[in-house]
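Structure record follows, encoded as structure tokens.
The values are calculated or read from the model by the stated rules, or taken from the named source; none is laboratory data. Please read all numbers here as calculations on a predicted model, not as lab measurements. Cβ: placed from backbone, ideal geometry, glycine included. Neighbour counts: every protein chain shown. What goes into the accessible areas is simple: the full protein's heavy atoms, side chains included, and nothing from ligands, DNA or RNA. Shrake-Rupley method; radii C 1.70, N 1.55, O 1.52, S 1.80 Å.
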Amino acid sequence: MPSPSIEEVKRAAKVWWGRNGFRDKIEQIDAGYNRWGGSVPYALLPEAEQTSEFDSAVQAMRPDVLLDLVKDGGVSKGDEKNAVHRLLRMEAEEDFSFKSWAFCSLQARDAVLKGWGDKAMIDVAKLLTDLRGHGDMAGGLRGNLFEWFAHEKLISGETFQMEKMKNASEEDGIRSTRSPAETQDVQFGTTVKSVSRSKQDLEGLEEGDYGRPSIRIFPVLDAVSFPFGLQMAIGPHKQYKLKDFKDIAKLAGPSRSPRLKKVVFVVPADPQYSDVPEHSGFYCRWTGEGDAPECFLLPLPYS
């Protein structure tokens with residue numbers, strides 16, 4: 001079933017410890033949730049036990065172990081893969097059937113990839129290529145890994161080429177579609193700053209900064225580098241509420257002179273000779289009232 005939210009975890013904690021005992025555990029619960037995601041038992045463990053369990057699992061999560069887990073269809077074999085399970089969660093369909101594997105939290109993903117050292121970019125690029133052939137079961141992990149990979153590439157100072165998308169009105173919103181004919185070179189900020197969904201953090205970003213989410217992602221966006229908001233995507237389409245984007249844009253600066261007014265969808269560049277292109281028809285649907293932001297598509301190669 002889907003992983004519980006932090007609110008659901010806290011409701012479970014009140015039952016576990018009682019209302020009075022719960023008040024003394026709030027910081028521990030928040031720290032545990034940030035580490036383990038919605039895995040309730042681990043979120044409620046004592047801090048010392050959490051750290052030991054977490055470190056052991058991170059050390060066991062090597063690229064070959066992760067790939068084998070997907071190849072085995074999620075079947076656990078041996079102590080290493082049992083440890084791996086502690087850092088993963090199952091994404092579920094609406095009927096609660098299994099959909100895909102994903103990292104239990106951003107903290108877990110980042111800790112694992114930090115442990116891979118200088119080869120992390122190479123290992124992740126190879127994993128992304130290998131996981132592409134495993135369909136929906138690998139979708140969550142591909143999304144987690146591609147988001148990290150894209151962040152690392154985009155802050156490198158390189159110049160990237162993106163395609164302007166066309167916005168067209170529909171009955172219940174606006175559709176932004178790919179338009180490869182019009183391209184534009186772009187660079188993003190190289191000074192990484194950890195940001196939350198707060199006015200103080202977003203207004204504090206300056207030219208040359210790259211705002212990267214600390215724990216929870218923003219609605220619509222995975223990063224901010226003015227005047228762009230960035231969204232990493234591995235699927236062929238996205239759908240968002242215009243209100244969610246406008247709410248974030250308001251936090252980033254004054255409405256009379258908005259600093260955040262463009263969205264870049266960063267997608268994996270399809271292999272040159274791919275028989276099954278994923279992003280040739282990429283589009284985003286914006287629902288609700290108002291004008292959609294100016295949109296771009298940036299196919300990002302793994303090399």
Query - Cα centre as origin, Lys/Arg/Asp/Glu Cβ charges: the chain dipole, Debye - result: 660
Query raised in the report: Local charge sum around residue 204 (other residues, Cβ-Cβ under 14 Å, Lys/Arg +1, Asp/Glu -1)?
Result: 0
Report task. Send over a whole-number figure in Å² for the accessible area per residue of segment 110-207, probe 1.4 Å. Result -> 54
Report summary line: If one compares the long axis through the Cα atoms of helix 106-115 with the longest principal axis of the Cα atoms of the chain, the angle in degrees, nearest 10, works out at 80
Query raised in the report: Amide H of residue 195: which non-local residues (sequence gap of 5 or more, or other chain) have their own amide H closer than 5 Å, using H built in the peptide plane?
Result: 212, 214
Query raised in the report: Under a Cβ-Cβ cut-off of 15 Å, what is the net charge of the residues other than residue 98 that fall near it, where Lys and Arg count +1 and Asp and Glu count -1?
Result: -4
Report summary line: Computed over the chain: longest principal axis from alpha-carbon atoms vs helix 26-36 long axis, angle to nearest 10 degrees, is 70
**Report entry** Charge sum, other residues only, whose C-beta stays under 9 Å from residue 164's C-beta, Lys/Arg counted +1 and Asp/Glu -1
**Finding:** -2
Report summary line: Per the helix-only model, the chain has a calculated mean residue ellipticity at 222 nm (DSSP H runs of ≥4, -39500 (n - 2.57) each, divided over all residues, rounded to the nearest 500) of -11500 deg cm²/dmol
Query raised in the report: Share of antiparallel DSSP beta bridges in the chain, in percent to the nearest 5?
Result: 55
Query raised in the report: Can you list, largest first and rounded to whole Å, the semi-axes you get for the chain by taking the square root of 5 times each eigenvalue of its Cα gyration tensor?
Result: 32, 25, 19
Query raised in the report: By how many degrees, between 0 and 90 and to the nearest 10, does the Cα long axis of helix 6-23 differ from the longest principal axis of the chain?
Result: 40
Report task. Return the lysines within reach of residue 14: Cα separation strictly under 21 angstrom, same-chain partners fewer than 8 residues apart disregarded; answer none if there are no such residues. Result -> 25
Query raised in the report: What is the pair-distance distribution P(r) of segment 78-171, computed from all Cα-Cα distances in 5 Å bins starting at 0, with each bin given as a whole percent?
Result: 2, 11, 17, 20, 18, 11, 10, 6, 3, 1, 0
Report summary line: Contact order relative to length for the chain, counting C-alpha pairs under 8 Å separated by 6 or more residues, stands in percent at 13
Query raised in the report: At a probe radius of 1.4 Å, what is the per-residue accessible area of residue 8, in Å² to the nearest 10?
Result: 80
Report task. Report, ordered by chain and residue number, the lysines lying within cross-link reach of residue 243, taken as a straight Cα distance under 19 Å and ignoring same-chain residues fewer than 8 apart. Result -> 199, 261, 262
Report summary line: The percentage of the accessible area of the chain (probe 1.4 Å, all protein chains present) made up of carbon and sulfur atoms, to the nearest whole number, is 48
Query - Beta bridges per DSSP with both ends in segment 125-240, % antiparallel, nearest 5 - result: 70
